[in-house]
Each structure stands twice: as C-alpha cells, then as structure tokens.
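Contents: one structure, followed by commentary.
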Amino acid sequence: MKIAFVGKGGSGKTTLSSLFIRHLAADGAPVVAVDADINQHLGAALGLDEAEAAALPAMGAHLPLIKDYLRGTNPRITSADTMIKTTPPGEGSRLLRVREDNPVYDACARPVELDGRAVRLMVTGTFTDADLGVACYHSKTGAVELCLNHLVDGPGEYVVVDMTAGSDSFASGMFTRFDITFLVAEPTRKGVSVYRQYKEYARDFDVTLRVVGNKVQGPDDLDFLRAEVGDDLLVTVGHSDWVRAMEKGRPPRFALLEEPNRHALRLLRTAVDATYQRRDRERYTRQMVHFHLKNARSWGNERTGADLAAQIDPGFVLGENVTASA
Ligand SMILES: Nc1ncnc2c1ncn2[C@@H]1O[C@H](COP(=O)(O)OP(=O)(O)O)[C@@H](O)[C@H]1O
Ligand SMILES: [Mg+2]
C-alpha cells in the first residue's frame, strides 16, 4: 500500500507520518518510510538524533544508481541518461518490493529501530532552489517517483511518504502514485485552502484523498473542518503530549501514546487497507504513461535528445504478478 501525507508546512505531515509508521511497525508490518518533504524531518520524528539524521544517504545523490538498477534489461530504455523521473517500467525493468534487499535499498535506505522493530527509511536529501523547479531533470522527488513507479506492494506492506503539496508533485504525476493520500489540515482557512487546491488537481485522476484534521481542540474546530471539507474528513487528532515529549528528545514507549490518537491511527490504517480492493492497476499504469508523455513533451525530449515516448511498453501493467527480471 502506498500512502502519502501532504499538507501545508507546519500542519503536522511529518508528525502524523511518523506516528502512522510507528503504529504499523508496532504491529509488525513491513514499512518503507520515505521523507520527500522540503523540510527533511522524518528521521528526527522517528527518533534519530541529529548526527544519525545527517548521516542518512540522500536518494537525490544516487539517481544514476537508481536509474541503472531499475531499467535492468529493458530494451526501450537504452541508458540511464535518457531515463527521466516519469520513465515507466516495461518488460525487462527491475521492480522493487517492500520486503527484499536490493541495491536501491542498500544505497538509499537505512533501518530505523522503533521499539524493537525496524523500518526502512529513505530520504530525498536537502532541497535546494534548483530542486523546486517544476521540470527538473535531477529532481530529488524524481527519485521517489521512479521508485514508486517501479514498486510492487501487496496488502499488509506499506510505503509511507511524507511529502510537500507543492507544484512539483502535480507537474510530475507524483500525486497520483498513492493508494490513498492523507491531507493533514489544521482547522484554519489556510489549512483547508491547501485541501481545496489539492482536491482540484486530483479531481480528474481518481485520487483517493482524505483529510486528517490536526491540532483540533474542541467542537468548534471540528465543526469548522466538517463544514469546510465535508465527507472527506476522515479523523481528527488533538494536541499530543506524547509528541511533545518526543520533540524534547524523550520519547515514551509508543504504547503510551494517548488512546484517542491511537484510535485515529487505527482508522487511518483501516482506510488504507480498504483501498486495496479498489486498486485499478491499469489506471495506475495509464496515468504513469500520461505523465511521462506530458513531461517528455514539455522538457524531457529536448533535454535528453531522445524521443521518450518510445520508452513506453504498451503491453505492460504494473502489478504484484509481474515478475522482476534478473
Ligand atoms: N498532534 C500534535 N500534537 C503536538 N504537537 C504537534 C502535533 N502535530 C504537530 N505538532 C507539532 O507541530 C510542529 C509542526 O509539525 P510537523 O509535523 O513538523 O509539520 P509539517 O511536517 O507539516 O511541516 C512540530 O513541532 C510538531 O511536533
Ligand atoms: Mg515536515
């Protein structure tokens, strides 16, 4: 299951992603956690100290390796240089799985221990001005998009991405790569304006978007969110003393998280798991192709000097039954 947490800066994306990751890990579920937010804080929210977080390898620095591994023996992708962030897999491509070792995880993922259970953490790396361009060849989130487009995950396996709701993810197609997108919103006009924007972009792409209200205190906050986002509101989370203690560098055991917040996390997981039955693998692949053609036309063909439409394998559908090539 591929899950995104998006929202305004400061709304609580990183906090709620990290709580959800801890919740899954506590249950023994395999998790790949990805920090694709402009402010790279997921490692810290998962309990890494400054030095450990700083030592995490950046996916952005390993793009050539990622591309070379994923293209495998795909005859339609003749070099890593012609592979852009939207290049879709096809016959011969290598796929990633949540539960395996592979060179991409070796280079880019590190285990993080959470109350005795380990999850894999990957981070894009610190963003610079150049990363925020809409059509960037070396885009750091591009590394994440490539991995998501080559990742086959089954029920009970989770890829949780903490990401920004910026224009980058809309231009590239990144926002369509998830089974479910949790939009974290505080009960404020700004909080819900990001929701409206996202909803508007997502409308034509069958994106499953649910709002998670955060820092919600009392009935007035709840009424406000209900009035503004209607049925898209899945659950609300209040101020958490557990989170505050964690931020002080003294995380209590996760089992001590407040019961209402644990309940909220269970609801998130139920919502995630329910999307599996509705998965449409053909649509997923079709959208991948749609955004690839769009990026090819707008900058990719010119930048690589190749006709990137030729990279599309018309017979390929990404799904768990696809066997990765050696
Ligand atoms: N439910 C909560 N209870 C207590 N503190 C919270 C909660 N949600 C967020 N915070 C705090 O608010 C700040 C911003 O949250 P963060 O998750 O970093 O936002 P984002 O990733 O969206 O920018 C952090 O200091 C975080 O600890
Ligand atoms: Mg954040």
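For region 245-277, how many residues meet the condition of being charged (D, E, K, R) and outside any helix (DSSP H, G or I)? Result for region 245-277: 4.
The single condition among (1) of a type outside the set (S, T, N, Q); (2) away from ligand 1 (no atom under 16 Å from the Cβ); (3) closer than 25 Å to Val289 by Cβ that Ala61 does not satisfy is (3).
When region 199-228 is filtered for residues that are over 25 Å from His239 (Cα atoms) and either free of Cβ contacts under 8 Å to residues at least 60 places away in the same chain or within 15 Å of ligand 1 (Cβ to nearest atom) (or both), the ones remaining, listed by number, are Lys199, Glu200, Tyr201, Ala202, Arg203, Asp204, Val207.
Taking the criterion of being in contact with a Leu (Cβ under 8 Å, 6 or more places away or on another chain) and either open to solvent by 90 Å² or more (accessible area, probe 1.4 Å) or assigned to a helix (DSSP H, G or I) (or both), would at least one residue in region 203-224 satisfy it? No, region 203-224 has no match at all.
Residue-by-condition table, conditions (1) among the aliphatic types (A, V, I, L, M); (2) under 30 Å from Arg203 (Cβ atoms); (3) away from ligand 2 (no atom under 16 Å from the Cβ):
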| position | (1), (2), (3) |
| --- | --- |
| Phe224 | no, yes, yes |
| Asp231 | no, yes, yes |
| Leu234 | yes, yes, yes |
| Ser240 | no, no, no |
| Val243 | yes, no, no |
| Asn261 | no, no, yes |
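Residues in region 28-85 that are open to solvent by less than 20 Å² (accessible area, probe 1.4 Å), of a type in the set (A, V, I, L, M) and assigned to a strand (DSSP E or B): Val31, Val32, Ala33, Val34, Ala36. Within region 5-14, the set of residues being open to solvent by less than 40 Å² (accessible area, probe 1.4 Å) and within 10 Å of ligand 2 (Cβ to nearest atom) comprises Phe5, Gly7, Ser11, Gly12, Lys13, Thr14. Scanning region 15-27 for residues that are surrounded by 24 or more Cβ atoms within 10 Å (Cβ to Cβ) and either in a strand (DSSP E or B) or of a type in the set (S, T, N, Q) (or both) yields Ser17, Ser18.
The values are calculated or read from the model by the stated rules, or taken from the named source; none is laboratory data. Quick caveat, the model's predicted, so the values are computed rather than measured. Positions of Cβ are backbone-derived with ideal geometry, glycine not excepted, and every protein chain shown enters the neighbour counts. Only protein heavy atoms, including side chains, enter the accessible area calculation; ligands, DNA and RNA are left aside. Shrake-Rupley method; radii C 1.70, N 1.55, O 1.52, S 1.80 Å.
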